[in-house]
1. Each label point is 7 Å from the Cα along the Cα-to-Cβ direction; what then is the distance between the points at residue 99 and residue 48, in nm?
2. To the nearest 10 Å², what's residue 10's accessible area with a 1.4 Å probe?
3. Would you check the accessible area of residue 55, probe 1.4 Å, heavy atoms only, in square angstrom rounded to 10?
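The values are calculated or read from the model by the stated rules, or taken from the named source; none is laboratory data. Quick caveat: nothing in here was measured; it's all calculated off a predicted structure. Here the Cβ is made from the backbone with ideal geometry for all residues, glycine too, and neighbour counts use every protein chain on show. Heads up: the accessible areas ignore ligands, DNA and RNA and are worked out on the full protein's heavy atoms, side chains in. Shrake-Rupley method; radii C 1.70, N 1.55, O 1.52, S 1.80 Å.
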Amino acid sequence: MRRRLPKSGSPLDQQQEELARRENELRDKMQQLQRMIEEAPRVAAETSRRQREELLARANESGSRLDASLSLRDRRWGDEESGTRRRGALRSERREGRIIFLVLVIALAVVVLWLITRFHW
């Protein structure tokens, strides 16, 4: 005698299968979250240890924070460790910059006056 296989086409059976599948998914998700909760203190301790080590390494790599000469070096302008030559006074460069600024302001004023006289607003 052959056994009859239950029909899987009935709506009730389909709903039970769907519920069983969702239950398994939720159980897996719950186990995953439980593992994350159990591992969280270890991960936090490892992260804080790594940050502490990085801070110590950074603190030991450079000199004292109160050493002003280190903070005043600007590597963008070629002030490297090898070039410890002190740069001269910047008065002439400042004066030259002021003169160029005044010339540009005067030129802008002249252009604006020319535009006003030319287009009669």
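1. Once both label points are built, they end up 6.3 nm from each other.
2. Roughly 40 Å² of residue 10 is accessible to a 1.4 Å probe.
3. Answer for residue 55: close to 110 Å² accessible.
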